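Below is one structure, written out as structure tokens; comments come after it.
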Amino acid sequence: MKLRDSPIYHEKQSFWLCAKHSLNNVLQQELYSHADLERIAKYLHELHPEQTGWLKFNSHKNFLGFGDYDVNVITSALQEHGYDLLWHDNRSDIEEADLSNSVGLIVHIQPDWFFRRGHWFAVKHFNQVLTAPVVPVTYVGQPRAARSSERGSHEYDTKSFEPGFWNLDSRLVHPEHIGDRDGLNEFLRQLSKRNRVHVLLIVPLNAPSTASLSS
């Protein structure tokens with residue numbers, strides 16, 4: 001069986017564009033393109049040329065133009081669309097983070113050695129059950145008229161996506177259900193045991209912060 005139209009927007013990994021995928025996945029639409037983030041990185045580079053070092057490379061992205069954007073590019077991109085980014089204070093447990101104003105999370109896994117790149121991915125909460133029609137594999141690739149004549153009045157089955165938090169990592173084949181808030185807390189704790197992790201909350205601009213967050 002194959003999903004006809006997934007109700008969850010999920011971009012897959014391309015080059016080193018995990019920052020772009022995370023932004024679009026957490027906001028559930030294609031708001032940002034590769035060119036958008038290149039433009040922002042170029043602007044930040046020109047704004048503070050003294051931060052480039054003696055090689056004069058743009059420190060906000062990969063010098064070949066394949067992505068690998070830093071948090072400054074993500075923050076600027078969010079602000080262009082009316083959002084801000086709050087860092088969760090890693091000295092506090094994740095369960096202390098106030099998610100009431102958050103539209104989603106972007107998680108950063110830091111590289112643990114010099115030649116390994118970091119990775120950004122999105123986590124999104126959905127309040128209700130989402131459904132999508134499922135097409136039998138025998139129909140995939142057939143003309144619409146042929147599918148209609150074969151199935152007659154039969155309706156497609158549907159696949160349900162449970163409410164709760166979903167892992168929208170661009171390296172995944174499909175989004176993965178995390179569960180409720182307790183499930184999210186445990187997911188992030190286990191991730192932190194294996195990696196150096198930063199959790200970033202995406203909130204509307206001027207949203208209040210809490211004691212467990214640092215901007």
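Whole-Hz Karplus values for the stretch 8-22 come out as 9, 6, 8, 7, 9, 5, 9, 6, 10, 9, 5, 5, 4, 4, 5 Hz, taken residue by residue from phi with 6.51 cos²θ - 1.76 cosθ + 1.60 and θ = phi - 60°; glycine and proline positions read x. Extension gain for the segment R171 to L130, taken as residue separation times 0.36 nm less the Cα-Cα distance, is 12.6 nm to one decimal. Packing, as the average of other Cβ atoms within 10 Å across residues, places the peptides 95-108, 18-31 in the order 18-31, 95-108, highest first.
Here, each number is a calculation from the coordinates, and none is a lab measurement. Not measured: the values here are computed from a predicted model. Reconstructed Cβ throughout: ideal geometry from the backbone, glycine too, with neighbour counts over all protein chains shown.
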